[in-house]
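The structure's right below; bear with me while I get my questions together.
Since every read-out is calculated from the coordinates, none of them should be taken as a lab result. Predicted model, so just to flag it, every value in this text is computed and none were measured. All Cβ positions, even for glycine, are placed from backbone atoms using ideal geometry, and neighbour counts span all protein chains on display.
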Amino acid sequence: MMILPQKHSATGTTIFTVMSALAQQCNAINLSQGFPDYPIDERLGEYLYEATREGFNQYAPMVGLPQLRQAISNDFAKRYGLEINPDTEITVTPGATYAIYTAFTAILQAGDEAIILEPAYDSYIPNIETNGAKAVPVPLMAPGFGVDWDRLKAAVTPKTKAIIVNTPHNPTGAIWSKEDWDKLAELVRDTNIIILSDEVYEQLVFDGKKHYSVLEHEELRKRSFVLYSFGKVFHNTGWKMGYCIAPPEFTTAFRRIHQFLCFTVNTPAQYALAKYLSLPQLPNVGAMMQEKRDYFLSLLKDTPFTIHEPAAGSYFQTASYSAINDMPDMEFAQWLTKEHGVATIPISAFYSNKKDDKLIRFCFAKKEETLLQAIERLRKL
């Protein structure tokens, strides 16, 4: 019998796959996996069709269609006032999860360490371990899930090669302030530590708050890979389209891996996104998502769930079920799906040690009728 190497410590399929499959099996309303159930902007779909008619059906350049990279550059100039070189700093990727893996692969070697802040998106640790490095988890401080800077500083060793940051944060919806970036800059100053900044929800920020990108921090920008997702912003997660922004020397290292990993990305989708990004005015996705968050929170008041803090960004809301029962959160999530027809994600799945704070994550990026149907079921708890 051949024994294949176990490249990372994760076992089985992801919690998102498990809970979505259970939701389908039980005919439950799926508020677990992070995908919208409403249509994309019609114009975006029309541009995709146009791309196929206009002959954009063959390989795109390895780094991405020039018109898409230019559109991304123009978009950041308009929204952030930042100058980003489309040729030397932007690479189009098949989704942000791929971009995160490629960035880690570009910099990590066996024996390196990479720090993650938990709870954390579940691809981080397998990405790090697959590259022969060690993941070093540092817990965030509940209920606001801010950074414990003393613990983060204590986790840094001579082997620390990278720190990955996620803002707005999945699963908690917390966001980083300008002061957080300043503290991180102070921490990594005079080191060779590289920052990976997962900013896939950067346009989904609520209550008048601002998303501060690492790109806006002059000192940190020079040592950062920044990862983005079109799917999270334009509600087309199935297109699997993202991009990486990094300084030229980092981009060269990133592309050195990218060219032999997937080489290039869906050409018609790149064309469609370039046309869409170039429109004079795009929908305010942050305002739209806040309406959904506010509506969902108003409905949750009629249930026994407890909200410690409303999500400041992303399209996820954490909630405590401690007033309902004392089941472990994984058991509770499965029970809720099977017995009450609403699927969620247990927060312990985002911790390497499966820390259980009796919290679950709801995805509120759904149609109003979907959210209302879910709450009608939850009211019976």
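Listing 199, 218, 291 from the residue with the fewest other Cβ atoms within 10 Å to the one with the most, what is the order?
Final ranking by Cβ density, sparse to dense: 218, 291, 199.
Radius of gyration and Dmax for the chain's Cα atoms, expressed in Å?
Cα only, the chain: 20.6, 60 Å (Rg, Dmax).
Add +1 for every Lys or Arg and -1 for every Asp or Glu among the other residues with Cβ under 14 Å from the Cβ of residue 132, and state the total.
With Lys, Arg at +1 and Asp, Glu at -1, the neighbours total +1.
Output ³J(HN,Hα) for the stretch 198-214: one whole-Hz value per residue in order, computed from phi by the Karplus curve 6.51 cos²θ - 1.76 cosθ + 1.60 with θ = phi - 60°, and x for Gly and Pro.
Coupling constants for the stretch 198-214: 8, 10, 5, 9, 4, 9, 9, 10, 10, 6, x, 6, 10, 7, 9, 8, 4 Hz.
Could you go through the stretch 369-381 in sequence order and give the Karplus-derived ³J(HN,Hα) for each residue, using 6.51 cos²θ - 1.76 cosθ + 1.60 with θ = phi - 60°, rounded to whole Hz, and x for Gly and Pro?
Calculated HN-Hα couplings, in order: 5, 5, 5, 5, 4, 5, 5, 4, 6, 6, 5, 7, 5 Hz.
Pop out the ³J(HN,Hα) list for the stretch 307-324 in order, Karplus 6.51 cos²θ - 1.76 cosθ + 1.60 with θ = phi - 60°, rounded to Hz; leave Gly and Pro as x.
9, 6, 8, x, 4, 8, x, 6, 10, 10, 10, 8, 8, 8, 10, 4, 7, 9
OK, next. Do any GluC sites (Glu not before Pro) in the stretch 83-114 lie in a loop, going by DSSP, with at most 10 other beta-carbon atoms within 10 Å of their beta carbon, and if so which?
For GluC sites (Glu not before Pro) across the stretch 83-114 that sit outside H, G, I, E and B with at most 10 neighbouring Cβ atoms in 10 Å, the list reads 83.
Here is a follow-up. I need the per residue convex hull volume for the stretch 153-261, using only the alpha carbons, in cubic angstrom as a whole number.
131 Å³
Run through all the Cα pairs of the stretch 260-305 and give the fraction in each 5 Å bin from 0, expressed as whole percent.
Once binned at 5 Å, the Cα pair distances of the stretch 260-305 give 5, 15, 12, 13, 12, 11, 10, 10, 9, 4, 0.
So what are the three principal axis dimensions of the stretch 203-313 from its Cα atoms, in whole Å, longest to shortest?
Computed over the stretch 203-313, the largest-to-smallest principal extents equal 53, 36, 30 Å.
Another question, if that's okay. Only Lys, Arg, Asp and Glu count, each charged at its Cβ (+1, +1, -1, -1), so figure out the dipole size of the chain about its Cα centre, rounded to 20 debye.
460 debye
Roughly speaking, what is the stretch gain from residue 338 to residue 2, that is 0.36 nm per residue apart minus the C-alpha to C-alpha distance, in nm to one decimal?
Length gained between residue 338 and residue 2: 117.1 nm.
Within the chain, what percent of beta bridges assigned by DSSP are antiparallel, to the nearest 5?
45 percent
May I ask you to sort 293, 256 by Cβ crowding, counting other Cβ atoms within 10 Å and putting the fewest first?
Ordered from fewest to most neighbouring Cβ atoms within 10 Å, 293, 256 come out as 256, 293.
For a quick check of your reading of the filter: which chymotrypsin sites (Phe, Trp or Tyr not before Pro) in the stretch 251-304 sit in a DSSP loop and have no more than 11 other Cβ atoms within 10 Å?
For chymotrypsin sites (Phe, Trp or Tyr not before Pro) across the stretch 251-304 that sit outside H, G, I, E and B with at most 11 neighbouring Cβ atoms in 10 Å, the list reads 263.
Could you give the nm distance between label points at residue 308 and residue 372, where each point is 7 Å from its Cα heading toward the beta carbon?
Distance between the two pseudo-spin positions: 3.2 nm.
With no solvent and one point on each alpha carbon, what is the Debye value of log10 I(q)/I(0) for the stretch 180-227 at q = 0.23, 0.25, 0.29 Å⁻¹?
-0.84, -0.95, -1.15
Using the 10 angstrom Cβ neighbour count as an exposure proxy, how do 363, 26 rank, fewest first?
Placing the least packed residue first, the sequence is 26, 363.
Percentage of Cα-Cα pair distances in the stretch 272-381 greater than 17 Å, rounded to whole percent?
Here the long-distance tail beyond 17 Å is 57 percent of all Cα pairs in the stretch 272-381.
Once the Cβ-Cβ distance between residue 16 and residue 297 is put in as r, and R0 is 22 Å, what FRET efficiency do you end up with, to the nearest 0.05?
So, using R0 = 22 Å, E works out to roughly 0.45.
Taking K and R as +1 and D and E as -1, what net charge do the other residues with C-beta under 13 Å from the C-beta of residue 74 add up to? Mind dumping the intermediate values first?
Numbers: positive: 69, 78, 79, 275; negative: 75, 83.
So the surrounding residues net to +2.
Work from the charge dipole of the chain (Cβ charges, +1 for Lys and Arg, -1 for Asp and Glu, about the Cα centre) and give the residue of 20, 282, 192 farthest towards its positive end.
20
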